[in-house]
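Asker: Got a structure for you, questions after.
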């Protein structure tokens, strides 16, 4: 694509832009400012990397409208450079195309499984009885799909994904390697110092357009459903407890953990290593800070931080005071000395009068 | 089962109960208060859900003896509703029954492996030389059992479980999908700025009646054994370091991490995302709070919290004071002002006298 | 080996030592002080275990030069007992020798894959098109190596390791079971309340002599490379975000998490459950404490602790003051009372004068 074509393309995507430079330059790929070579386009979205504009070998850079042209670099100025470069990456590189296995002879597929058109099933896969899947199913090697699972259209399971029985998965869902869905939760009744297992007879429901990272674990519910809402995206190593219900369009960063019976609203962001205790609710559009320990309900539209998690302003105030503690302690000591002096003075006055 | 039969059944389980309602009503399943339909029985164990009693469609509800009958709902009153509903779930639903593979032709089983009666081995499984297993072994697809592993009776390995060589597993043990046992721990000797690997020549011993969640990792010991005691239950994504010894009947919530050479007593509870440094001891019946960072020995029968973890009362006191810090800072300022006033006053008096 | 031979062997390893005891005693194995039996040698490196010297059944013990001979125990005194016992473990026990599968007929290997000499490929393995590997490759059962991956010599992949496409791995690299490398990172552009996937077109580069623990996840970069430097060692359940670059000879303990675009220097230590936010830098030889939450750049050679992480001295000072907060609060109350008394006294004086 020539730079002028890129400007045209962005315009068709609803992202008007302005070219400062040579529209005839040819672009083959997207790359970072640091790694780009001639023939590649890059972008500046995080001001942290601004100084790399001076050294980049990219043939052009997508920047925000605030950014002024300088030193001969070809620039495409647009409102949201990150959204623009995303559109360009999809256009120039596309998404991953899986190997084409057809239905591998080394896969083990139960007779009662019903797979839709264009199923692409790798070797060493096990698909159990009564599984039903829509069209364009891709299952990478080593996956296990348990009895009675139901999958929508355009589902991709990367290697070694495990779905226990009766997990339902929507359409356009991607699950990364090693993730386990539907295992039993930690359900035991304490009886005379022993833990007696409670059968976990519920199931898991994954909505449409969900993407789950690698090596996550999502417990089946004890009763009823554990749910992940449509459009929600998980990073890696995330644990979701039994019976927890997560709304649509959430974004969970790596190593987040939710106990059981948590209710998470829509478009909630949870940063890395955050944790949530059981039986509480997190409102719509809430943001949970990294490493936060959430032990109470979180109101919609709020940001919480800390352990235990409190609203961000409170957390910052607490933290600011903690940093001043050594100073406060010194001031306390000074006061004690002053009082001692005052008392001595008063005693002297008293003696003198 | 009719409600009257349920009361009889609970009585045979050592859980006397009282029926307030119609003993002829037929019950087919257990469900939550929220999801139950007619023909299903539910329960109330957590007061948080008490208001759902008014809206539930369940045909009957198991409640505690404190709970008074009202508004025509069929109630079974008993001392421990959670234990009662557990017994009912086992009676009405039973535990998971695995697919029956016999010994799959797509499994790879070494000639010297000795499997007991009724082995049920799925496709794509690898069982190595000199493995010995008791009766009723179930191995789901994709598992790997390393050379010389010894397994008791009634063991179930869910898909993609990996046991490195010489792991011993007791009877009635369940290991969920993706869990790895017996990998090398982080054992290196620092030599001139490099990390020189120390052979990890120990092994792992899992006791009887243990259940391990999904995607956990339990290191083999450098020397001797890493141990998980009988009756202990793990949730998911738990890391256990080399040489750590965990006693019987413990309960570990998701994402707990223990470093190496930790000694954990019996019936210890560790809440989610808690961590323990190496070479310390945790006493019997101790409870480690969620996200706690344990850096010192924990006495038996105590509960610790915080980072670093301290006894719960101390942690709560610290936290309460931290919340009051902005107020304390204001009081400190007030005192400084008062002292200043007093000194001015004294100086005036002094001048006046 | 006889004890006298052990002393000779250590000497050849550049670890001069002194034998206090009987050089003719025969040693077959290394073991812990607690578990050792006659014929075994043990060691004392951590003073915590010193009392076990009195009860050990080991035939000899490697100790530091500070340690004085006593009670008839055969001792080998040397400067670094831990390094010495490591050398002895390698000499007496060696490293794990994998099963010999040759190239299993139950493996699935693409026609265009090029494997070097002595490839040892277990059953249920998938090696994709255009994979290139050096000599002595060992791949345990259930692994998946994606299209275009390039591996050096002497690489070992334990069971169920997953390498997505175009991951490059150096020589003498070991990856433990269940680890996933090259999955897509959490890359989405927010568009009208939805998350639009950004193609992750970068790759992952693992250096030479790297060891990665079990069930880790290392994201491929959005653009360019995610890197793990030569000689770096990971424990288990570690998450590395897209585009993060980790230098050589680092040591990461279990459950550490790094967000994307982090730059980690050489020989950095990260203790268990530590976390690092995106787009920051950690200098050479820095140490990140257990559970630390790093949100700012960390200077080379420094140790940080806490959430948010601060230099260790500051963290300790803060923590010491927090522990004294209840006492400070009491002192504040005392001061308030004293001031009240003083004011009363002054008022009385004033009235009296």
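The values are calculated or read from the model by the stated rules, or taken from the named source; none is laboratory data. All of these numbers come straight from a predicted model, not from anything done at the bench. Cβ coordinates were reconstructed from backbone atoms using ideal geometry, including for glycine residues, and neighbour counts include every protein chain displayed.
Asker: Mind listing whichever residues of segment B:89-112 are more than 9 Å from every other protein chain (Cβ to nearest Cβ) and surrounded by fewer than 18 Cβ atoms within 10 Å (Cβ to Cβ)?
Answerer: Passing the criteria: B:91, B:97, B:98, B:100, B:102, B:103, B:105, B:111, B:112.
Asker: One residue is enough: does segment C:246-255 have a residue meeting the conditions within 8 Å of another protein chain (Cβ to nearest Cβ), assigned to a strand (DSSP E or B) and surrounded by 24 or more Cβ atoms within 10 Å (Cβ to Cβ)? Talk me through it step by step, then tell me what you get.
Answerer: Just the residues of segment C:246-255 that are within 8 Å of another protein chain (Cβ to nearest Cβ), to begin with: C:249, C:251, C:253-255.
Now restrict to residues that are assigned to a strand (DSSP E or B): C:251.
With surrounded by 24 or more Cβ atoms within 10 Å (Cβ to Cβ) added as a condition, the list becomes none.
No: segment C:246-255 contains no residue that is within 8 Å of another protein chain (Cβ to nearest Cβ), assigned to a strand (DSSP E or B) and surrounded by 24 or more Cβ atoms within 10 Å (Cβ to Cβ).
Asker: Does segment B:57-88 hold any residues that are within 14 Å of chain A (Cβ to nearest Cβ), assigned to a loop (DSSP other than H, G, I, E, B), under 30 Å from the mean Cα position of the chain (by Cα) and surrounded by fewer than 23 Cβ atoms within 10 Å (Cβ to Cβ), and which are they?
Answerer: Across segment B:57-88, the qualifying residues are B:79, B:80.
Asker: Being touching a strand residue (DSSP E or B) at 6+ places or on another chain (Cβ under 8 Å), touching a residue at least 24 places away in the same chain (Cβ under 8 Å) and assigned by TED's automatic domain parsing to the domain that holds residue C:272: is that true of residue C:155 here?
Answerer: no
Asker: Would segment A:228-242 turn up any residue that is out of contact with any helix residue (DSSP H, G or I) (no Cβ under 7 Å at 6 or more places or on another chain), under 18 Å from residue B:96 (Cα atoms) and touching a residue at least 12 places away in the same chain (Cβ under 8 Å)? Reasoning before the result, please.
Answerer: Residues of segment A:228-242 out of contact with any helix residue (DSSP H, G or I) (no Cβ under 7 Å at 6 or more places or on another chain): A:228-242.
Now drop any that are not under 18 Å from residue B:96 (Cα atoms), which leaves A:242.
Checking the rest, the ones that are also touching a residue at least 12 places away in the same chain (Cβ under 8 Å) come to A:242.
Yes, segment A:228-242 contains a residue that is out of contact with any helix residue (DSSP H, G or I) (no Cβ under 7 Å at 6 or more places or on another chain), under 18 Å from residue B:96 (Cα atoms) and touching a residue at least 12 places away in the same chain (Cβ under 8 Å).
Asker: Taking segment B:1-16 on its own, how many of its residues are in a loop (DSSP other than H, G, I, E, B) and either surrounded by fewer than 19 Cβ atoms within 10 Å (Cβ to Cβ) or outside the structural domain of residue B:86 (by TED's automatic domain parsing) (or both)?
Answerer: Here is the first cut: in segment B:1-16, the ones in a loop (DSSP other than H, G, I, E, B) are B:1, B:13-16.
Applying the additional criterion that residues be either surrounded by fewer than 19 Cβ atoms within 10 Å (Cβ to Cβ) or outside the structural domain of residue B:86 (by TED's automatic domain parsing) (or both) yields B:1, B:13-14, B:16.
Qualifying residue count, segment B:1-16: 4.
Asker: Let me ask something else. List the number of the failed condition for residue B:152; all other conditions in (1) more than 27 Å from residue C:100 (Cα to Cα); (2) surrounded by fewer than 24 Cβ atoms within 10 Å (Cβ to Cβ) hold.
Answerer: Among (1) more than 27 Å from residue C:100 (Cα to Cα); (2) surrounded by fewer than 24 Cβ atoms within 10 Å (Cβ to Cβ), residue B:152 violates only (1).
Asker: Do the conditions hold for residue B:264, that is, is it out of contact with any helix residue (DSSP H, G or I) (no Cβ under 9 Å at 6 or more places or on another chain), facing another protein chain (nearest Cβ under 9 Å), crowded, with 24+ Cβ neighbours inside 10 Å and modelled with pLDDT of 95 or more?
Answerer: So residue B:264 fails the test.
Asker: Output the number of residues of segment A:29-56 satisfying the condition of being surrounded by 12 or more Cβ atoms within 10 Å (Cβ to Cβ), away from chain C (no Cβ under 12 Å) and in a loop (DSSP other than H, G, I, E, B).
Answerer: The total comes to 3.
Asker: What are the residue pairs meeting all of these: first residue in segment B:82-99, first residue farther than 22 Å from residue A:165 by Cα, second residue assigned to a helix (DSSP H, G or I), Cβ atoms under 7 Å, and 6 or more apart or on different chains?
Answerer: So the pair list comes out as B:84/B:10; B:87/B:10.
Asker: I'd like the full set of residues that are assigned to a helix (DSSP H, G or I) and either touching a residue at least 60 places away in the same chain (Cβ under 8 Å) or within 11 Å of chain C (Cβ to nearest Cβ) (or both), limited to segment A:279-317.
Answerer: Within segment A:279-317, A:315, A:316 qualify.
Asker: While we're looking at this one, here's another question. Scan segment A:110-150 for residues that are within 21 Å of residue A:179 (Cβ to Cβ) and outside any loop (DSSP other than H, G, I, E, B) and report the count.
Answerer: Total satisfying the criteria: 12.
Asker: If we keep just the residues of segment C:219-245 that are farther than 24 Å from residue A:290 by Cα and within 13 Å of chain B (Cβ to nearest Cβ), which is surrounded by the most Cβ atoms within 10 Å (Cβ to Cβ)?
Answerer: Here the answer is C:232.
Asker: Being under 30 Å from residue A:182 (Cβ atoms) and over 19 Å from the mean Cα position of the chain (by Cα) is the filter here, so list the residues in segment B:193-215 that pass it.
Answerer: Hit for segment B:193-215 is B:204, nothing else.
Asker: Residues of segment C:206-215 being more than 7 Å from every other protein chain (Cβ to nearest Cβ) and either in contact (Cβ under 8 Å) with a residue 40 or more places away in the chain or surrounded by fewer than 20 Cβ atoms within 10 Å (Cβ to Cβ) (or both), which ones?
Answerer: Result: C:207, C:208, C:210.
Asker: Which one of these does residue A:249 not meet: (1) without any contact (Cβ under 8 Å) to a residue 24 or more places away in the chain; (2) touching a helix residue (DSSP H, G or I) at 6+ places or on another chain (Cβ under 9 Å)?
Answerer: (2)
Results for (1) more than 7 Å from chain A (Cβ to nearest Cβ); (2) more than 30 Å from residue A:265 (Cβ to Cβ); (3) more than 19 Å from the chain's Cα centre (by Cα), shown as yes or no for each residue.
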{"residue": "C:164", "(1), (2), (3)": "yes, yes, yes"}
{"residue": "C:178", "(1), (2), (3)": "no, yes, no"}
{"residue": "C:186", "(1), (2), (3)": "no, no, yes"}
{"residue": "C:191", "(1), (2), (3)": "no, no, yes"}
{"residue": "C:217", "(1), (2), (3)": "no, no, no"}
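Asker: Which condition number does residue A:99 fail, the rest of (1) assigned to a loop (DSSP other than H, G, I, E, B); (2) at pLDDT 95 or above; (3) under 22 Å from residue A:22 (Cα atoms) being met?
Answerer: Every condition holds for residue A:99 apart from (3).
Asker: Could you run through segment A:267-278 and say how many residues are closer than 27 Å to residue C:190 by Cα and either modelled with pLDDT under 95 or assigned to a loop (DSSP other than H, G, I, E, B) (or both)?
Answerer: Of the residues in segment A:267-278, 6 are closer than 27 Å to residue C:190 by Cα and either modelled with pLDDT under 95 or assigned to a loop (DSSP other than H, G, I, E, B) (or both).
Asker: Can I ask one more? If residue B:336 meets every condition in (1) assigned to a helix (DSSP H, G or I); (2) more than 8 Å from every other protein chain (Cβ to nearest Cβ) apart from one, which number is that one?
Answerer: For residue B:336, the exception is condition (2).
Asker: Continuing with the same structure: Evaluate the following for residue A:19: is it in a loop (DSSP other than H, G, I, E, B) and either closer than 21 Å to residue C:192 by Cα or in contact (Cβ under 8 Å) with a residue 40 or more places away in the chain (or both)? Spell out how you get there, then give the answer.
Answerer: Values: in a loop (DSSP other than H, G, I, E, B): no; either closer than 21 Å to residue C:192 by Cα or in contact (Cβ under 8 Å) with a residue 40 or more places away in the chain (or both): yes.
No.
Asker: Just the residues that are in contact with a strand residue (DSSP E or B) (Cβ under 9 Å, 6 or more places away or on another chain), under 21 Å from residue B:142 (Cβ atoms) and either touching a residue at least 40 places away in the same chain (Cβ under 8 Å) or surrounded by fewer than 19 Cβ atoms within 10 Å (Cβ to Cβ) (or both), please, taken from segment A:124-135.
Answerer: Listed by number, the list holds a single entry, A:130.
Asker: Which one is modelled with the lowest pLDDT among residues in segment B:165-217 that are touching a helix residue (DSSP H, G or I) at 6+ places or on another chain (Cβ under 9 Å) and in a strand (DSSP E or B)?
Answerer: Checking each candidate, the answer is B:191.
Asker: Which numbered condition trips up residue B:121, out of (1) more than 27 Å from the chain's Cα centre (by Cα); (2) under 30 Å from residue B:32 (Cβ atoms); (3) buried (at least 23 other Cβ atoms within 10 Å of the Cβ)?
Answerer: (2)
Asker: Restricting attention to segment A:316-328, does a residue exist that is surrounded by 17 or more Cβ atoms within 10 Å (Cβ to Cβ) and under 30 Å from residue A:202 (Cα atoms)?
Answerer: Within segment A:316-328, not a single residue is surrounded by 17 or more Cβ atoms within 10 Å (Cβ to Cβ) and under 30 Å from residue A:202 (Cα atoms).
Asker: Out of segment A:256-266, which residues are assigned to a strand (DSSP E or B) and more than 20 Å from residue B:292 (Cβ to Cβ)?
Answerer: Those that are assigned to a strand (DSSP E or B) and more than 20 Å from residue B:292 (Cβ to Cβ): A:263, A:264.
Asker: With respect to residue B:281, determine if the residue is buried (at least 23 other Cβ atoms within 10 Å of the Cβ) and in the same structural domain as residue B:255 (by TED's automatic domain parsing).
Answerer: Here the answer is no, as residue B:281 does not meet what is asked.
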